[in-house]
Amino acid sequence: MERVRKAGDIYKGVYEGLYCVGCEQFLRDGELVDGRCAEHGVAPEPAKEEWRLAKEASPEAKDRLATVLYHLVEALRVTTTLLGPFVPHAANVIAEQLGLRSQTNSGALAWGKTVPGTRIRRGSPLFPRRRAT
Ligand SMILES: [Zn+2]
C-alpha cells in the first residue's frame, strides 16, 4: 500500500469549479446559460472540493481515476480476504460483487490480483438498516 501511495496512485486531491448552492453540485460550462445555473438562474460560486477527480473530463483525469479506482477495488478485495474468517457470509457477498471466485487461494493477499477492467456489480446493502415499526 505504501508503494502505491508513493507512486502517486492514491492521493488526496482537490477539485475546483463553479458550485450552485441550489443544485448542491458543481456545474460545467455546458450546464450554464449566460454564466448562470439554467435551473436556478444564479451565478455559481467558485469553490473547492476534495475527492472530485471523477468530475474532470480530460483523458488524463479519466486514466487517473481508473488507476485510483483499481487500487480502491484492490484494497476492498484484500480487506474482504482478511474479513472472510470472521464474517464469512458478508465476505462471500462482497467477493461475488467483485467478481472473485475464491478468496481462500494462496497469494490472495498479494497486491495486484484484480484483473484490470473487471466489472464491479452493484449489490444491495450488506447490513441493511432496520426499519422502525
Ligand atoms: Zn442550480
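The values are calculated or read from the model by the stated rules, or taken from the named source; none is laboratory data. Here the structure is a predicted model, which is why all the values come from computation and not from measurement. With ideal geometry, Cβ positions are generated from the backbone for all residues, glycine too; neighbour counts draw on all protein chains shown.
Within the range 63-86, take every residue that is without any contact (Cβ under 8 Å) to a residue 40 or more places away in the chain and touching a Leu at 6+ places or on another chain (Cβ under 9 Å) and give me the one that is nearest to LEU100 (Cα to Cα).
Filtering first and then ranking leaves ARG77.
Could you tell me whether GLU31 is exposed (fewer than 11 other Cβ atoms within 10 Å of the Cβ) and either within 16 Å of the ligand (Cβ to nearest atom) or under 18 Å from GLY117 (Cβ atoms) (or both)?
So GLU31 does not fit the description; no.
Tell me whether the range 97-112 contains one or more residues that are over 19 Å from the mean Cα position of the chain (by Cα), within 14 Å of the ligand (Cβ to nearest atom) and loosely packed, with under 15 Cβ neighbours inside 10 Å.
No, the range 97-112 has no match at all.
Of all residues in the range 51-81, how many are under 21 Å from TYR15 (Cα atoms) and assigned to a helix (DSSP H, G or I)?
Matching residues across the range 51-81 total 17.
Would you check which residues across the range 59-97 are among the charged types (D, E, K, R) and over 13 Å from GLY112 (Cα atoms) and list them?
GLU60, LYS62, ASP63, ARG64, GLU96
Name the single residue that is nearest to TYR70 (Cα to Cα) among those in the range 1-28 being of a type in the set (Gly, Ala, Ser) and within 16 Å of the ligand (Cβ to nearest atom).
GLY17
Scan the range 34-58 residue by residue and report those that are away from the ligand (no atom under 14 Å from the Cβ) and more than 21 Å from ARG119 (Cβ to Cβ).
Hits for the range 34-58 are PRO46, LYS48, GLU49, GLU50, TRP51, ARG52, LYS55, GLU56, ALA57, SER58.
Every residue, every condition in (1) in contact with a strand residue (DSSP E or B) (Cβ under 6 Å, 6 or more places away or on another chain); (2) modelled with pLDDT under 90; (3) farther than 30 Å from ALA91 by Cβ, yes or no:
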site	(1), (2), (3)
LYS6	no, yes, no
GLY13	no, yes, yes
GLY22	no, no, yes
LYS62	no, yes, yes
THR67	no, yes, no
VAL78	no, no, no
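Pick out the one residue from ALA7, ALA38, ALA90, ALA47 that is within 19 Å of the chain's Cα centre (by Cα), small (Gly, Ala, Ser) and at negative phi.
Selected residue: ALA7, the only one of ALA7, ALA38, ALA90, ALA47 that is within 19 Å of the chain's Cα centre (by Cα), small (Gly, Ala, Ser) and at negative phi.
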